[in-house]
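Please treat every number below as a calculation from the coordinates, not as lab data. Keep in mind it's a predicted model, so treat the numbers as computed, not measured. Glycine gets a Cβ as well: all are built from the backbone with ideal geometry, and neighbour counts include every protein chain shown.
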């Protein structure tokens, strides 16, 4: 099953239309898409605007390939789950986003194993045509290495805390004090 996701903020009709047309041309009935507030009404893909997190997570676990905008959450989830992912960045020049940060994200992640970047609709179709041959990232660890956690903790302890951190630490001390019993007077 191929899972398509465009996120929740803006429509990404260029991506959904391309995948839908590919699914129709290839008679694929195993494409499910979260399309957000799209004006494109898919004909070949099963689609929904939004879905509860647990239901969407079940689809992420089931799919063999993810196709997505260049959103960090989608990319990292695919890497954590060991799923290949095709990303196509929203282009702010096309009105698909407020700025060009997804183009930068796509450039950076193009070097990562298991992440396949489509610069345009033609490249997206070419990657979809190879869907069965795309391999996943080796996966990400769900926790940071112990030595990293120790070094980070030492840094935080040694650094002169900015005002906000001092307030956070003070609040934590207050919250962790033993409860005082009301005095009887």
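Sorting 148, 56 on the 10 Å Cβ count, fewest up front, what's the list?
With the sparsest Cβ surroundings first, the list reads 148, 56.
What full-extension length gain, to one decimal in nm, is calculated for residue 123 and residue 50 as 0.36 nm per residue of separation minus the Cα-Cα distance?
My answer for the length gained is 23.6 nm.
So what's the projected area for region 2-133, the Cα convex hull averaged over all directions, in nm²?
7.2 nm²
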